[in-house]
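A short worksheet on the structure shown next.
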Amino acid sequence: WHIDTAGALRNTFSNEYIGPGPYYSGLNNGSFVTNEISTGDINLFNTSGTLISSTNAWTDPNGWSYSYVHMGDIAGLAGGGFVVLPELGRLATGGAGFSPYLYFYDNALNLINKVNIIPSNITIYMLVGMPGGGFTGIGNTDGGDYSSHLFYFDASGALINQRDIRGDIPSLSTKDF
C-alpha cells in the first residue's frame, strides 16, 4: 500500500517481488526498493509500483566476497539512496553471529560505498533512515534471536553510538515480546 503523509491510501501494489518476505523502503525521490532475503536481489520500483531494475548485492562486482546466507534489512536515507545489510549474520539462520557489512546504493541501484562493520561484532535486524542523514539499527551484541541494542550510524556508515535497551524495554530482549 502507498499511503501519503495525510494517511490517505494512494495506491496498492501487487507484484512477485513485493512482500510478504522481502524487506522494503521508500526512497527520497518517491520510488521504493525491496530485497530478496534468500537471493541477494535488490529491486527498484517507480511510484506506480512498476519494477524498474534489479541488482544483486551478493554478486555485485564492486561488493565484497563473502559466504552470504540471509540478506538483512534495507533503509532509505534522507540525502538520497539507501543502505542495506547484504548479510544479516544471525546465528539462527546460519550466519556468523554478526552483520558483516553495510552497502550504500544510490537511487539508481549503483553501489556507491561499502563499510566493514565486522569489528563492531553486532547483529542488526532492522534499519531506519534518520532525518539528519544517518540511520539507526536495532539488534544485539550476541548474534542471538532477540533485540537488546540500538545502534546509531552517521551518513558514512560509522557506528557512532549504541544503547542497551534491555532496561528500557525488557520484553524486547526475550521471547515474551
Please list M130, M71 in order of solvent-accessible area, largest first, computed with a 1.4 Å probe with all protein chains present. M130, M71
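With Cβ to Cβ distances under 15 Å as the rule, what net charge do the other residues near Y68 carry (K, R +1; D, E -1)? Write out the running numbers ahead of the final one.
On the way: positive: R90, K114; negative: E36, D41, D60, D73, E87.
Summing Lys/Arg as +1 and Asp/Glu as -1 gives -3.
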Can you tell me the Rg and Dmax of the stretch 46-133, counting just the alpha carbons, in angstroms? 13.3, 40
The Kirkwood hydrodynamic radius of the stretch 91-177, taken as the inverse of the mean 1/r over all distinct Cα pairs, in Å, comes to 13.7 Å
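Can you pull the percent of Cα pairs in the stretch 9-161 with separation above 20 Å? Can you show the working numbers first?
On the way: 5128 of 11628 pairs.
Looking at the stretch 9-161, the distances longer than 20 Å represent 44 percent of pairs.
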What distance in nm separates the two pseudo spin-label positions at S53 and A158, each 7 Å out from Cα along the beta-carbon direction? 3.1 nm
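The values are calculated or read from the model by the stated rules, or taken from the named source; none is laboratory data. Quick caveat: nothing in here was measured; it's all calculated off a predicted structure. Every residue, glycine among them, receives a Cβ derived from its backbone with ideal geometry; neighbour counts consider all protein chains shown. Protein only, heavy atoms only, side chains kept; ligands, DNA and RNA dropped before computing areas. Shrake-Rupley method; radii C 1.70, N 1.55, O 1.52, S 1.80 Å.
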